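Worksheet: one structure, shown below.
The values are calculated or read from the model by the stated rules, or taken from the named source; none is laboratory data. Quick caveat, the model's predicted, so the values are computed rather than measured. Because the Cβ atoms are built from the backbone with ideal geometry, glycine has one as well, and the counts that use them run over all protein chains shown. Keep in mind that these areas ignore ligands, DNA and RNA; they rest on the heavy atoms of the full protein, side chains included. Shrake-Rupley method; radii C 1.70, N 1.55, O 1.52, S 1.80 Å.
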Amino acid sequence: MERIRLVLHKRSAQVFGLFTIVGAFIMTFCSYTSPAYYFDVSPDNNAFFTVGKAMMHGIVPYKDIFEQKGPYVYFLHGLAYLVSHRSFALIFVYEIATLVAAMYLVYRIAKLLDTHELPALLTALLSPVLFLYHPYYDYGDTVEFFTLPFLLSLIYLILLLDRHDLTVSHWWYVAQGALVGVVFLSKYTLLGAWIVFYLVMLVTRLVKRQWRVLGELIGWSAAGFLLTTVPWLVYFLVTKSLGAFINVYILFNTKVYLTSSVAFFANLIQSMALVSQFYLSNVLFFLLGVVGTLVVTFERGVFHSNFTRGLYLVATLGSDMFALYGYQAGAVYQYYELIYFASFVLPFAVFCQLLFRHLSLPNGDDSFAILATLVIGWFLVLGVNNNVTNSKVFPNNASVTEETTSVPQQPAQVDFGNYMRQSGLPLTLLNYGSIDMGFYTASGAVPSTYYFQNYNIAQSAAPQILRSQRRVIQRHQVQWVVLNTPTKQSVREWEGNKEIPGRISSGNLNPGTAKLAKSLYRHYRLVKTHRQVFEQVDVKYWLFERKG
């Protein structure tokens, strides 16, 4: 007990505890994984959960089930499935931990700027506005959000290198190498900052012929990298799925998901243009991304040497550019750009430092200043993230039902899921034509088909996906089929969006059901429908049960 009391009296423990309370409160209202929401309707989150669940049932990703994110994403959601079979409870806890880690790193970064304790704490309490900015932070539970504290740790390391003549504990390089492995096996397009960081550090040590330091940099970083990648190599070798992993995670992503086919240099220019458009799209982004970067560059108190100043600039630029490398403007989903907000943190901390210098803050803690900042920070978060309007705070909201009633309703996912489980019939399900909307999650069904969902790509790029799904229905191989249409069109009428034929359209609407209807109604009967709004589109969901 005495040891616990001493720990609780430590400043770092108190700060961490405050951040945990703040993080839990904020994420309760901002993340769809929170129990304050009826259900997490995010297509991507549920796809991760479905594959993670399949993993826990012995189904091997890439080989036995198709999805294109990295294995760490599925493993995390597989653990979430073990904790709660039909909810994102563990992911909610991890989202809180991610926000707390990001706030704590902002606090540490602010302290390195020769900021006193209280201004550093207040800066961190205001920082969630950067990490939860809608629509870049949309439903939550994205690789970009989980990567933010990793990237902030790299920025913190660059500041440490600046303060300590490029010398830090070797454990820093072990940690960064491990993080590189995790990000590489989660979403490798987010590795830009580390690629640039290591290239600059390695070339610098090589040019200066600092062989011992070069060896330590390579050796310790490689140790961390191998720590987080070798177990997956063993897994893929044991399950004989290494080839499938390479074909899906590496080749499919680069050949199908990346929309640009121009040369390397042209892709870099294209990516730079997208970054510039992002910075110019919003006054806050311009102030932090452009003006703030100039301040960080030329304010002599931020970095003490030109080398680390340049290292920071090229690392953050590398992160921004590689995140959208190979994409064209019309194919960029806004949550991809959440990673840009990591580069806002240092300018944000500098601006807060300049602001607090002109305020009469006490040298020690001030409960009123902390409380006032908490209130201001909460209002700022509400100003940039309105997810709460789809939560249980607003019963029977449009994301739950379009039915006019005072009787408490549940979204289609929960409604259909309850029906399937209570029927006592086999829980074999096909989500036809759209990205996983959570029907596998809500029902508890484990996918029995390789292409358990469709993807945001043209049908011409991967015709085998819908072809395989149609074959499952024609052969009535599953007990249940769920699909969607615009509210005013039936399954027999919906031919898909003619402007983008063969591709999922707004509202996660499938590419059409009219051609499928004859076979569907021959082998299945309609048992339930439900209307709700998804991403501003009034959508009707249809549940079919196999006949006989």
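Only Lys, Arg, Asp and Glu carry charge here, each on its Cβ (+1 for the first two, -1 for the last two); on that basis the range 230-377 has a dipole of about 380 debye about its Cα centre. In terms of its Cα atoms, the range 485-548 spans 37, 23, 15 Å along the principal axes, sorted from long to short.
Projected label points at Asp114 and Leu354, each 7 Å from Cα along the beta carbon direction, are separated by 1.6 nanometres.
Sorting the Cα pairs of the range 105-160 by distance into bins of 5 Å, from 0 upward, gives 4, 18, 23, 22, 18, 9, 4, 0 percent per bin.
Computed from the C-alpha gyration tensor, the three semi-axes of the ellipsoid equivalent to the range 208-264 are 31, 22, 7 Å, from longest to shortest.
In plain terms, the chain from Ile500 to Val203 could stretch by 102.3 nm, reckoned as 0.36 nm per residue minus the Cα-Cα distance.
Working from Cα pairs under 8 Å separated by at least six residues, relative contact order for the chain is 18 percent. The range 530-548 and the range 196-217 have Cα centres separated by 57 Å.
Among the listed pairs Lys488/Lys515; Lys69/Lys518; Lys69/Lys208, which have their C-alpha atoms separated by more than 29 angstrom in this model? Violating the 29 Å Cα-Cα cut-off are Lys69/Lys518; Lys69/Lys208. Computed per residue of the chain from DSSP H runs no shorter than four, each worth -39500 (n - 2.57), the mean residue ellipticity at 222 nm is -16500 deg cm²/dmol.
Relative to the longest principal axis of the chain, what angle (0 to 90°, nearest 10) does the C-alpha long axis of helix 143-163 take? Rounded to the nearest ten degrees, it is 10.
Which residue, chosen from Val314, Val302, Asn390, occupies the Cα position most advanced towards the positive end of the dipole of the range 299-417, where the dipole is computed from +1 (Lys, Arg) and -1 (Asp, Glu) charges on Cβ about the Cα centre? Value: Val302. For the set Asp44, Asp165, Asp365, the ranking by accessible area, highest first and with no ligand, DNA or RNA atoms included, is Asp165, Asp365, Asp44 under a 1.4 Å probe.
Round to the nearest 10 and give me the degree value, 0 to 90, for the angle of helix 345-357's Cα axis relative to the longest principal axis of the chain. The angle comes out at about 50 degrees. Each label point was placed 7 Å from the Cα along the Cα-to-Cβ direction; for Val230 and Lys488 their separation is 6.2 nm.
For volume of the Cα convex hull per residue in Å³, which listed value, (1) 180; (2) 134; (3) 152, comes from the coordinates shown? Here the calculated entry is (1). The angle between the Cα long axis of helix 464-474 and the main principal axis of the chain comes to about 30°, on a 0 to 90 degree scale. Using only alpha-carbon positions in the range 77-236, the gyration tensor eigenvalues give semi-axes of 29, 24, 12 Å once each is multiplied by 5 and square-rooted (largest first).
The charge dipole of the chain, taken about the Cα centre with unit charges on the Cβ atoms of Lys, Arg (+1) and Asp, Glu (-1), comes to about 1560 debye, rounded to the nearest 20. Could you tell me which of Leu354, Asn418, Phe25 has its Cα farthest along the dipole of the chain towards the positive end, charges placed at Cβ (Lys, Arg +1; Asp, Glu -1), taken about the Cα centre? Result: Asn418, furthest along the dipole toward the positive end. Give the range of the longest stretch in the chain that excludes all GluC sites (Glu not before Pro) found in loop regions by DSSP and having at most 12 other beta-carbon atoms within 10 Å. No qualifying site falls inside 1-402, the longest such stretch. Using a simple spin-label model with pseudo-atoms 7 Å out from Cα toward Cβ, Glu216 and Gln277 lie 4.6 nm apart. Taking amide H positions as modeled 1.01 Å from N, with prolines and chain starts lacking one, the residues under 5 Å from Lys528 and 5 or more places away or on another chain are Leu543. Within the accessible surface of the chain, defined with a 1.4 Å probe on protein heavy atoms only, the carbon and sulfur portion equals 63 percent.
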